[in-house]
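One structure is given below, encoded as structure tokens.
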Amino acid sequence: MGSAVAYHASRLGLSVLGIDQFEPPHDLGSTKAETRITRLAVGEGPQYLPFVARSHEIWRELEDEAGVQLLHECGGIIITEQEPIPGQRWEDFVTETARIAERGGIDYQVLDPADLRRERPWINVPDDRNAGFERTAGLVMAERAVEVQLAMARRRGGRIHTGETVEVIEPEEGYVTVRTDAGAYEATNVVLATGPWFSELAAPEHREQVSVTRQVVYWFEVDDLDAFTTEAIPFVMWIAQRDEDYIGLFPMPPDGTPAVKILGEQFLDTTDARSVEREVSQSEIDTFFEVHVAPKFTGVTRNCIRSAVCLYTNTTDDHFLIDTDPRSEHITVMSPCSGHGFKHSTALGEAVAQRIATGTSTHDLTPFRSRHQNR
């Protein structure tokens, strides 16, 4: 979110200073592990569709400008239970995605499990599941996108200070003072996009709405690597009755880690960015493969050649928090995105930069205000 705001604010001719305690893209927060899923038919709600659609346009614009590929439209498959538990995080995600796709004119097909097995024999989907396929879905090269947006911001005159830690944000009359371990800066507007470090600088009213959870990503070798590339297969989101039984499979992009990326999700055990356990044990790897991978996918071996820990910054209702800070109208908070933010990130950055520059934005940010985060 921070790199997106810096890029779009610089495009609008604003004076931009970006500050990061690390060297983005880095491996300590949420933007890591090479790729992120993107879907035009966003089952989380119709309020997201304009942002992911605009993000696809911006990724293509950035590709033309930077000469690197950021978006792979390999397609995406979603699998859910036929009778989900009411109130579950995902509920009937295939059906809800189909509704949003129809409303948005998006190419989306509901699949019969038997047909899916014939077309994709590496997916061991049972008959008692729902399945859907979106042709325009795919993967975004997340770390590369951050790197490109920061480079484009610099090209347009933006200053990016890395290895510098923000210690306090002080609202003043008509401006904000940002104090770091290297100095102090005054700005008319500040965007707080700190991901899993959000609670360290956010107002108490926002801190209580956010939690951080540890997520593990694995790369498993496959029998035939050519059969698991973005040129050959779509991603798979396999949703179960329990959140902790979710599994996502990502095909290998060009120049990616030579393996298939697979991850799960959990929202029960909370942590923070400074104390999280960043090592992945062999027992974690073995259990994940035996319980989640082996029963669902054929052609994936148990040899894990890489693993990583990622962090989700979650709100109480799993939606986004993008709003004016309670302490000052000159501070905008953004990026608690509950694990599904990157696909929208560059369009959200554009909208926030537009609002700062002109007082309004092309796409509506009001669904993400704080009052929508309370159950």
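The values are calculated or read from the model by the stated rules, or taken from the named source; none is laboratory data. These numbers were taken from a predicted model, which means no experiment stands behind them. Reconstructed Cβ throughout: ideal geometry from the backbone, glycine too, with neighbour counts over all protein chains shown.
Brief remarks follow.
- If you go through the range 250-277 and keep only what is under 22 Å from Gln21 (Cβ atoms), assigned to a loop (DSSP other than H, G, I, E, B) and hydroxyl-bearing (Ser, Thr, Tyr), you end up with just Ser275.
- Residues satisfying the stated conditions in the range 130-174, i.e. surrounded by fewer than 19 Cβ atoms within 10 Å (Cβ to Cβ), touching a Ser or Thr at 6+ places or on another chain (Cβ under 7 Å) and of a type in the set (Gly, Ala, Ser): Gly157
- Residue check for Arg129: assigned by TED's automatic domain parsing to the domain that holds Thr257 and either more than 25 Å from Pro50 (Cα to Cα) or without any contact (Cβ under 8 Å) to a residue 40 or more places away in the chain (or both): yes
- For the range 92-113, the set of residues classified as in contact (Cβ under 8 Å) with a residue 24 or more places away in the chain and assigned to a helix (DSSP H, G or I) consists of Phe93, Val94, Thr95, Glu96, Thr97, Ala98, Ile100, Ala101, Arg103, Gly104, listed by residue number.
- Residue check for Ile285: crowded, with 20+ Cβ neighbours inside 10 Å, over 30 Å from Ala6 (Cβ atoms) and either in the same structural domain as Tyr185 (by TED's automatic domain parsing) or of a type in the set (Val, Ile, Thr) (or both): no
- Only one entry of Thr362, Thr346 meets the criterion of being part of a helix (DSSP H, G or I), more than 27 Å from Glu172 (Cα to Cα) and assigned by TED's automatic domain parsing to the domain that holds Ser15, and that entry is Thr346.
- Filter pass, Glu63 being assigned to a helix (DSSP H, G or I), touching a helix residue (DSSP H, G or I) at 6+ places or on another chain (Cβ under 9 Å) and free of Cβ contacts under 8 Å to residues at least 24 places away in the same chain: yes
- Scanning the range 34-60 for residues that are touching a strand residue (DSSP E or B) at 6+ places or on another chain (Cβ under 8 Å) and either at pLDDT below 95 or of a type outside the set (A, V, I, L, M) (or both) turns up Glu34, Thr35, Arg36, Thr38, Arg39, Gly43, Ser55, His56, Trp59, Arg60.
- Flag if Gln209 is among the polar types (S, T, N, Q), touching a Leu at 6+ places or on another chain (Cβ under 7 Å) and either surrounded by fewer than 18 Cβ atoms within 10 Å (Cβ to Cβ) or at pLDDT below 95 (or both): yes
- So Gly18, is it at pLDDT below 95 and not assigned by TED's automatic domain parsing to the domain that holds Asn130: no
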